[in-house]
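The values are calculated or read from the model by the stated rules, or taken from the named source; none is laboratory data. Note that the structure is predicted; figures quoted are calculated from it, not measured. Neighbour counts are summed over all protein chains in view; Cβ atoms, including those assigned to glycine, are modelled from backbone coordinates with ideal geometry.
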Amino acid sequence: MRADLELIYDWIAPDTHVLDLGCGDGTLLAALARDKQVTGYGLEIDPDGIASCLRQGVSVLEQNLDDGLGNFDDDACDLVIMTQALQALRRPDIMLDEMLRVAPECIIAFPNFAYWKHRLHLSLRGRMPVSRSLPHAWYDTPNIHLSTFKDFAGLCRQKGVTIVDEAVGSANHEGHWSSRRWPNLFGETAIFRVRRGI
Amino acid sequence: MSASFPSDSVGLVTPQTATFESPLALACGKTLERFELVFETYGTLNAERSNAVLICHALSGHHHAAGYHSATDRKPGWWDAYIGPGKAIDTNRFFVISLNNLGGCHGSTGPASVNPATGHPWGPTFPVMTVADWVHSQARLADRLGIERFAAVVGGSLGGMQAMQWSIAYPERVANVATIAATPRLSAQNIAFNEVARQAIRSDPDFFVGWYAEREAIPKLGLKLARMIGHITYLSEHSMGSRFGRDLRSDQLNFGYDVEFQVESYLRHQGDTFSTSFDANTYLLMTKALDYFDPAGEHGGDLAAALAPVECPYLVISFTTDWRFAPARSQELVTALVRAGKRVSYVNVDSSHGHDAFLLPNEQYESVFSSFMQRIDGDLERGHRQKGATR
């Protein structure tokens, strides 16, 4: 499993009813259902991802996140998960409101633009960073709202959303003291667990 | 002989008839004292009797869903694209049952059958059927075949409504449901189209208020019109446009009312073929069953409440250009299932073929449908292994 998914997997309690926004091939939901009796739905638009979900028995709905979550009632779930999708949304701030309407708690993972390699790339080469967490060129990237670890924490403060937990990860499971101490600089992927209200 | 059929075909199939002598109470208040159902099966029922899949047919469908009735058949059954060895409903894995519904005109008891009480054909006195009535009759067939629980109940359009009804009426007897290009209820526009079709039939001078068989007449004109209207709603504007455009049959305008545009020729041909192969009373009855279907109706319009008994996972598929039962109708069903806390997957398949897309080959549709069925097959396998281990 991808490193950020593994961390999220550990954070989720048994019997939770979840909504996974951009659930990909359904790896996380399938593992949670198998090991922790977690129920819920994944939203995905990639046909291969959807087929993979169906083969694993993951309930998957073809739904574009930019169309909102209007088909889910207030407090429809215990938890909303969104990994590697925040930066591709038209309005990440509105989505955060929507997520916290549908569930009291959310887990959000996204590439940290302030990661030192990205900073180095931009400052030394003077060009938009391309890395393993941001593999696209500036002209064809789906990532239209890149942000940093600090940016997201700021948005939560501004919205009066409580940060319950925060972590940073890298694409290949390495944990290092430096990323815990200076997450905005050494974290490749930012992961937040947030709660409605203060 | 089988060498003449494609290798992914179920090959030669023979319909069977099941006769039921105990009465079936119907939603309209009447009772069918006895009835017959014609059906076909493909594949083999496993020892646990757990791999049966029920296929429910649409408005003008019947039991012949896959394979061929004779070596000289030009076309296979109506859903051959998705039923067969290695296909989405893999007959190497599943035992498939496909029947002709009550009230039909392909061998099951219907308006053309003899009413035992009078000794004459039922004609227009054949009871108006509902989707729920059909599902009860299908459950009788399942009993007869020794199937306690279906691995899946599957259907497109009106067939999808039957699959829905199964999960509501017999939740313990369905392990999975797939509803394709269906709707939880007809819209006013849908009912309006059905009513025009019915009026076309009923106003045909050869209809004789349904007693045309006694007069040795067939309301061909009415049936033809009904089919032409229906057919327009099965296609998309795009598919009609790309297929016929404004093409003329000859290279000039004739300033008359004979067939001039290719689309006119096509519709007339469709109508003509249908008018000699389908029964008018059956058509009326099937359109009524469509109009009446509304599980939410008994729950004050609350579809989620109607779906409360559902126990199994759903697969809901719609098609982007279907305007008869538009994607929004499937999404209503999905939202209600989510609201009711049920397991459901949904895909809106990209197709230019309108409502008819559910019958046609399509890579994405095939992938979604196959993946769902493979998971069901996997569940069965796992179930057997666990049973074996505890023995």
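Only one of the numbered conditions (1) crowded, with 23+ Cβ neighbours inside 10 Å; (2) of a type outside the set (Asp, Glu); (3) within 14 Å of chain A (Cβ to nearest Cβ) is not met by B:Ala328, and that is (1). Taking the condition surrounded by fewer than 22 Cβ atoms within 10 Å (Cβ to Cβ) and farther than 30 Å from B:Val349 by Cα, does A:Leu120 pass? It is true that A:Leu120 is surrounded by fewer than 22 Cβ atoms within 10 Å (Cβ to Cβ) and farther than 30 Å from B:Val349 by Cα. Selection within region B:8-38: residues that are acidic (Asp, Glu) and closer than 18 Å to B:Pro121 by Cβ. The member of this set that is surrounded by the fewest Cβ atoms within 10 Å (Cβ to Cβ) is B:Glu33. B:Tyr266 fulfils the conditions (1) of a type outside the set (A, V, I, L, M, F, W, C); (2) in contact (Cβ under 8 Å) with a residue 24 or more places away in the chain; (3) surrounded by fewer than 18 Cβ atoms within 10 Å (Cβ to Cβ); (4) not in a loop (DSSP other than H, G, I, E, B) except for a single criterion, (2).
When the residues of region A:83-99 are filtered to those that are surrounded by fewer than 18 Cβ atoms within 10 Å (Cβ to Cβ) and either aliphatic (A, V, I, L, M) or touching a Lys or Arg at 6+ places or on another chain (Cβ under 9 Å) (or both), the one that is farthest from the other protein chains (Cβ to nearest Cβ) is A:Asp93.
Applying the criterion of being touching a helix residue (DSSP H, G or I) at 6+ places or on another chain (Cβ under 7 Å) and at the interface with chain B (Cβ under 9 Å from one of its Cβ atoms) to the residues of region A:59-82, the residue that is surrounded by the most Cβ atoms within 10 Å (Cβ to Cβ) is A:Val60. Apart from one condition, B:Ala296 fits all of (1) in contact with a Pro (Cβ under 7 Å, 6 or more places away or on another chain); (2) away from chain A (no Cβ under 14 Å); (3) surrounded by fewer than 17 Cβ atoms within 10 Å (Cβ to Cβ); the exception is (3). Counting only strands (runs of 3 or more DSSP E) that sit completely within region A:1-66, those holding 1 or more residues that are over 22 Å from A:Phe110 (Cβ atoms) and touching a His at 6+ places or on another chain (Cβ under 7 Å) correspond to A:39-44. Going through region B:92-110 one residue at a time, which ones are touching a strand residue (DSSP E or B) at 6+ places or on another chain (Cβ under 7 Å) and in a loop (DSSP other than H, G, I, E, B)? Selection gives B:Phe94, B:Asn100, B:Leu102, B:His106, B:Gly107, B:Ser108, B:Thr109. The numbered conditions (1) of a type in the set (A, V, I, L, M, F, W, C); (2) in contact (Cβ under 8 Å) with a residue 40 or more places away in the chain; (3) under 20 Å from B:Ser367 (Cβ atoms); (4) in a helix (DSSP H, G or I) are all true for B:Val334 except (2). Looking at B:Ala71, is it over 14 Å from the mean Cα position of the chain (by Cα), at pLDDT below 95 and either assigned to a strand (DSSP E or B) or more than 16 Å from B:Gly155 (Cβ to Cβ) (or both)? When the stated conditions are applied, B:Ala71 passes them. Across region A:154-198, the number of residues qualifying as at pLDDT 90 or above and assigned to a helix (DSSP H, G or I) comes to 6.
Checking each residue in region B:272-312 for being more than 20 Å from the chain's Cα centre (by Cα) and under 30 Å from B:Ser371 (Cβ atoms) picks out B:Ala296, B:Leu303, B:Ala304, B:Ala306, B:Leu307, B:Ala308, B:Pro309, B:Val310, B:Glu311, B:Cys312. Looking across region B:348-363, the residues that are within 14 Å of another protein chain (Cβ to nearest Cβ) and either in a loop (DSSP other than H, G, I, E, B) or in contact with a Ser or Thr (Cβ under 8 Å, 6 or more places away or on another chain) (or both) come down to B:Asn348, B:Val349, B:Asp350, B:Ser351, B:Asn362. Selection of region B:151-177 for residues being under 18 Å from B:Thr287 (Cβ atoms), among the small types (Gly, Ala, Ser) and part of a helix (DSSP H, G or I) yields B:Gly159, B:Gly160. Residues in region A:138-150 that are charged (D, E, K, R) and in contact (Cβ under 8 Å) with a residue 24 or more places away in the chain: A:Lys150 alone.
Within region A:40-55, restricting attention to residues that are at the interface with chain B (Cβ under 8 Å from one of its Cβ atoms), of a type in the set (A, V, I, L, M, F, W, C) and over 15 Å from B:Asp350 (Cα atoms), the residue that is surrounded by the fewest Cβ atoms within 10 Å (Cβ to Cβ) is A:Leu54.
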